[in-house]
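Below: one structure, written as structure tokens.
The values are calculated or read from the model by the stated rules, or taken from the named source; none is laboratory data. Because the structure is a prediction, the values reported are computed rather than measured. Cβ placement follows ideal geometry from the backbone for every residue including glycine, while neighbour counts extend to all protein chains displayed.
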Amino acid sequence: MSNKTTVVVTGLGATTPLGGDVPSTWSALLAGRSGVRKLDWEGVEELPVRFAAQLAVDPSEVMPKQALRRLDRCQAIALIAAKEAWLHAGLKNRTKKGYEADAEGFEMDGERLGVVLSTGIGGLHSALGSYATWLEKGWTRVSPFTVPMLMPNGASGHVGIEYGATAGSHALVSACASSAEAVGYAIDMIRTGRADMVICGGTEACIHPLQMASFGVMRAMSTRNDEPERASRPYDKNRDGFVLGEGAAVMILESEEHARKRGATIHAIAAGCGYSGDAYDIVLPDPSGAGQAKAMRRALENADLTPEDIVHVNAHATSTPSGDVAELNSIKAALGDAAKNITVTGTKSMTGHILGGAGALESVITILTLREGIVPPTANLEDIDDEVDLDIVHGEPRKIPDGPAAALNNSFGFGGHNVSVAFKRAL
């Protein structure tokens with residue numbers, strides 16, 4: 001039996017292209033509804049891709065205008081998601097020491113509370129907006145908050161300040177694997193005794209003409225401009241690239257002992273995390289899939305799980321012609337014969353690809369899948385690729401069996417970053 005500290009999930013928060021919170025996002029996922037829509041920018045017709053998965057609820061609708069002047073968009077939505085997760089975990093009132101929970105008389109020093117909140121790009125809107133201001137009005141009109149607004153660690157810093165977290169504030173940057181790494185690091189912080197509780201997750205908000213143009217010239221994104229809601233279609237024969245999205249997702253992780261002491265509801269067990277590096281290409285994954293399979297095997301080992309324990313994989317599945325099937329081959333390599341018994345889904349078909357925030361959002365989705373016992377469908381999968389030979393959930397949601405169950409959430413990023421996070425159902 002493992003002597004590792006059991007790490008549990010007690011709070012979930014998200015703001016996404018499908019909804020301004022976790023319940024609305026989950027409902028949309030089960031309905032198979034796309035959050036992708038056409039962009040209405042001036043001059044958008046000049047871009048090769050004219051659609052994206054923008055937030056369903058703009059930060060200006062829920063945050064004071066004065067606060068938003070000092071925050072990049074990615075920082076604002078991180079704070080929104082963190083607040084939902086905080087309240088969902090039953091943590092109501094901040095104190096000078098940190099916070100106090102619902103459990104009568106329970107109080108904890110902020111020195112036992114940490115933050116790991118990642119982004120892949122950071123404050124792109126702030127950086128480019130300030131540059132435009134300089135060109136148009138001169139350097140004296142540039143916002144004095146430009147630097148903290150563009151910093152990749154800005155979101156983590158703001159969340160740490162908001163909740164008095166002094167055990168450590170971290171921001172891991174590894175492209176589209178960033179927030180999956182954040183979850184893994186949070187697990188390690190608790191296991192090694194550096195914190196009793198960690199606010200972890202990720203955020204991204206870089207739907208900007210420059211970003212659209214950059215990915216467009218790479219030919220990485222779908223160009224299905226006439227029907228954007230059907231553009232992201234993992235495993236479909238006619239998939240032609242990913243769809244850019246924005247959003248934030250945050251979880252409250254804590255030791256099981258700490259959670260039970262304060263009477264928290266446990267939604268899942270954050271069982272472990274595996275990492276690997278391809279060392280192959282700065283943007284292309286290793287076509288052999290060896291690194292991806294290694295990350296999954298390491299996640300199983302770190303979580304004290306076997307391939308037979310896995311009932312579901314939330315795949316990275318970005319809807320690229322080569323990436324989707326390559327990941328399925330990696331899953332088969334990691335799980336062996338047990339891969340025939342799992343379900344697989346690709347939820348980027350509805351949320352778009354939130355880059356550095358994707359791993360956290362899909363961790364939330366994986367947790368809900370285990371808790372609710374139902375797998376959201378892969379949307380827009382109409383003509384399944386001949387090379388697909390695993391059970392891809394599509395058309396309708398699918399129930400998974402009751403009882404003990406575990407799932408993997410995969411996230412892979414430019415630079416050859418491979419991360420797989422393992423979750424177990426809380427019984």
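Among the candidates 361, 408, 368, which residue alone is surrounded by fewer than 24 Cβ atoms within 10 Å (Cβ to Cβ) and either in the same structural domain as residue 54 (by the TED database) or within 15 Å of the chain's Cα centre (by Cα) (or both)?
Working: 361 fails: surrounded by fewer than 24 Cβ atoms within 10 Å (Cβ to Cβ); 408 fails: surrounded by fewer than 24 Cβ atoms within 10 Å (Cβ to Cβ).
Exactly one residue qualifies, and that residue is 368.
For residues that are buried (at least 16 other Cβ atoms within 10 Å of the Cβ) and part of a loop (DSSP other than H, G, I, E, B), tally how many sit in the stretch 188-222.
Final tally of qualifying residues: 8.
Please specify each residue of the stretch 149-178 satisfying the condition of being assigned to a strand (DSSP E or B) and more than 21 Å from residue 358 (Cα to Cα). First the steps, then the outcome.
Step one: list which residues in the stretch 149-178 are assigned to a strand (DSSP E or B), which gives 168-170, 174, 176.
Scanning the stretch 149-178 gives a single hit, 168.
With the structure loaded, tell me whether residue 120 is surrounded by 20 or more Cβ atoms within 10 Å (Cβ to Cβ), at pLDDT 95 or above and either part of a loop (DSSP other than H, G, I, E, B) or among the small types (Gly, Ala, Ser) (or both) or whether it fails that test.
Values: surrounded by 20 or more Cβ atoms within 10 Å (Cβ to Cβ): yes; at pLDDT 95 or above: yes; either part of a loop (DSSP other than H, G, I, E, B) or among the small types (Gly, Ala, Ser) (or both): yes.
For residue 120, the condition - surrounded by 20 or more Cβ atoms within 10 Å (Cβ to Cβ), at pLDDT 95 or above and either part of a loop (DSSP other than H, G, I, E, B) or among the small types (Gly, Ala, Ser) (or both) - is met.
Under 9 Å between Cβ atoms, at least 6 apart or on separate chains: pull out the pairs that start in the stretch 120-135 with a residue that is free of Cβ contacts under 8 Å to residues at least 60 places away in the same chain and end on any residue that is surrounded by fewer than 16 Cβ atoms within 10 Å (Cβ to Cβ) and of a type in the set (Ser, Thr, Tyr).
Between residues of the stretch 120-135 that are free of Cβ contacts under 8 Å to residues at least 60 places away in the same chain and residues that are surrounded by fewer than 16 Cβ atoms within 10 Å (Cβ to Cβ) and of a type in the set (Ser, Thr, Tyr), the close pairs are 126/143; 129/143; 130/143; 133/143.
In the set 110, 98, 90, 35, which member is touching a Leu at 6+ places or on another chain (Cβ under 8 Å) and modelled with pLDDT under 95?
Working: 110 fails: touching a Leu at 6+ places or on another chain (Cβ under 8 Å); 90 fails: touching a Leu at 6+ places or on another chain (Cβ under 8 Å); 35 fails: modelled with pLDDT under 95.
Of 110, 98, 90, 35, the one residue that is touching a Leu at 6+ places or on another chain (Cβ under 8 Å) and modelled with pLDDT under 95 is 98.
Being assigned to a loop (DSSP other than H, G, I, E, B), acidic (Asp, Glu) and not assigned by the TED database to the domain that holds residue 30: is that true of residue 382 here?
Details: assigned to a loop (DSSP other than H, G, I, E, B): yes; acidic (Asp, Glu): yes; not assigned by the TED database to the domain that holds residue 30: yes.
For residue 382, the condition - assigned to a loop (DSSP other than H, G, I, E, B), acidic (Asp, Glu) and not assigned by the TED database to the domain that holds residue 30 - is met.
Given the criteria outside the structural domain of residue 53 (by the TED database), without any contact (Cβ under 8 Å) to a residue 60 or more places away in the chain and of a type in the set (S, T, N, Q), does residue 214 qualify? Full working, then the answer.
Numbers: outside the structural domain of residue 53 (by the TED database): no; without any contact (Cβ under 8 Å) to a residue 60 or more places away in the chain: yes; of a type in the set (S, T, N, Q): yes.
Against the criterion (outside the structural domain of residue 53 (by the TED database), without any contact (Cβ under 8 Å) to a residue 60 or more places away in the chain and of a type in the set (S, T, N, Q)), residue 214 does not qualify.
What helices (runs of 4 or more DSSP H) completely inside the stretch 1-88 contain at least 2 residues that are without any contact (Cβ under 8 Å) to a residue 40 or more places away in the chain and more than 28 Å from residue 209 (Cβ to Cβ)? Spell out the reasoning first.
On the way: elements: 22-31, 65-68, 73-88.
Where helices (runs of 4 or more DSSP H) fall fully within the stretch 1-88 and carry at least 2 residues being without any contact (Cβ under 8 Å) to a residue 40 or more places away in the chain and more than 28 Å from residue 209 (Cβ to Cβ), they are 22-31.
For the stretch 242-263, what are the residues that are in a loop (DSSP other than H, G, I, E, B) and crowded, with 24+ Cβ neighbours inside 10 Å? Even if it seems obvious, please write down each step before you answer.
Initially, the stretch 242-263 is screened for residues in a loop (DSSP other than H, G, I, E, B), giving 243, 246, 262-263.
Scanning the stretch 242-263 gives 243, 246.
Could you check the stretch 293-322 and list, in sequence order, the residues that are of a type in the set (Gly, Ala, Ser) and surrounded by fewer than 24 Cβ atoms within 10 Å (Cβ to Cβ)?
Across the stretch 293-322, the qualifying residues are 293, 322.
Return yes or no: is residue 356 under 22 Å from residue 54 (Cβ atoms) and either touching a Ser or Thr at 6+ places or on another chain (Cβ under 7 Å) or aromatic (Phe, Trp, Tyr) (or both)?
Details: under 22 Å from residue 54 (Cβ atoms): yes; either touching a Ser or Thr at 6+ places or on another chain (Cβ under 7 Å) or aromatic (Phe, Trp, Tyr) (or both): yes.
Yes; evaluated as a whole, the condition is true for this residue.
Against the conditions (1) surrounded by fewer than 20 Cβ atoms within 10 Å (Cβ to Cβ); (2) more than 27 Å from residue 173 (Cα to Cα); (3) in contact (Cβ under 8 Å) with a residue 40 or more places away in the chain, where does residue 373 fall short? Just the number, please.
It is condition (3) that residue 373 fails.
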